[in-house]
Every structure is written in structure tokens, then in C-alpha cells.
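See below for the structure under consideration.
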Amino acid sequence: MGVIYVARSAKFGKWASDVGLSKHVFKVGYSDEDPKPTVEKGWGGEGDWALIKKQEVEGIGEDEIIARLARKEKLIDPNYYPRLRGATGMFKVSPEHVENHILVSRAMAGDAQRIELKLKPLDFADYLIHNALR
């Protein structure tokens, strides 16, 4: 049994924003072991990566996770950004997609109140893991 995880870096998000991507950039990956040591090594030349959320999964691999998410969100191609140096699973996530996901989930659960949302990294992680496992 493996673990799907979502990580983010504030410094990498700032760099991504500066080069025109978005500050909402996340790394989604799969590991057979605890992902914390892998996340602490970091990607993109930044060492401040933090594990936001992890979830145990069975019967799915990293390639399939990335392919499923690439249908919904923009997969960042490491060939265009030398700083990534072959890192896979980097996604630019639209806050509008996350808001819509939360609103629809609440409406389906019967809580149809319209409230102002303030998105947090955990909301992005929930959205990414939910779409990776669909």
C-alpha cells in the first residue's frame, strides 16, 4: 500500500508567480514509504517544501495519478523551466476550480448556504487528492 501526497513551497510559489505561472503551485506524488523525507529534500532548488496532506491508497501508481490530474489541472512541464530539473507532478491549480469543488461538495451534502470562501493550502490538497482518486 502506498501514499499519495501533496506538498507546497512558499518560495517556489513566489518564483512561479514571478515567471508567470501562479503562486498556487503544488507537487503531487506517490510513495511506497513515508513521503516526509522525500518532501524535505525539495524540488526546484527550494528547501522549504512542506507536506500538506497525505492519504493511503492502493492499486494506483504515480504515473496514473499524474495522468488523472493532468486532465483537470495544468501540469507544469519541467522541460520549459530548467529550475525544475526533471521534477514530475508539479501542478498549477486554479483557485476558481477549488472554490467550485467546495461549493458543489457542500451543495451535494445539503449545505447550500453561500458563504465567502478563503482558500487554504489544505483546500487545494483535498481538491487534488480527490481528483487524483476519481
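Derivation of every value follows stated rules applied to the coordinates shown; laboratory data play no part. Predicted model, so just to flag it, every value in this text is computed and none were measured. Here Cβ is always computed from backbone atoms with ideal geometry, including for glycine, and neighbour counts include all displayed protein chains.
Across the stretch 75-86, computed HN-Hα scalar couplings (Karplus, 6.51 cos²θ - 1.76 cosθ + 1.60, θ = phi - 60°) run 7, 7, 7, x, 6, 7, 10, x, 5, 6, 6, x Hz from first to last residue, x flagging Gly and Pro.
Over the chain, Cα pairs under 8 Å with separation of 6+ residues give a relative contact order of 29 percent. Per-residue ellipticity at 222 nm computed for the chain from its helices equals -11000 deg cm²/dmol, with DSSP H segments shorter than 4 residues left out and the rest contributing -39,500 (n - 2.57). Here the simple spin-label model places points 7 Å from the Cα toward Cβ, and for Gln55 and Leu119 these points are separated by 1.7 nm.
For the peptides 3-11, 81-89, residues were scored by their other Cβ atoms within 10 Å and the scores averaged per peptide; the highest-first order is 3-11, 81-89. To the nearest ten degrees, helix 121-132 and the longest principal axis of the Cα atoms of the chain are 90 degrees apart.
The gain in end-to-end length when the Ala10 to Asp32 segment is fully stretched comes to 5.3 nm, 0.36 nm per residue minus the alpha carbon separation.
Would you mind checking the tilt of helix 95-109 against the longest principal axis of the Cα atoms of the chain, expressed as 0 to 90 degrees and rounded to 10? The helix 95-109 is inclined about 40 degrees to the chain.
Summarising the label geometry, the points placed 7 Å from Cα in the beta-carbon direction at Glu46 and Val104 lie 2.8 nm from one another. For the stretch 8-39, the residues whose amide N sits under 12 Å from a probe point set 7 Å from the Cα of Arg83 along the beta carbon direction are 9-23, 25.
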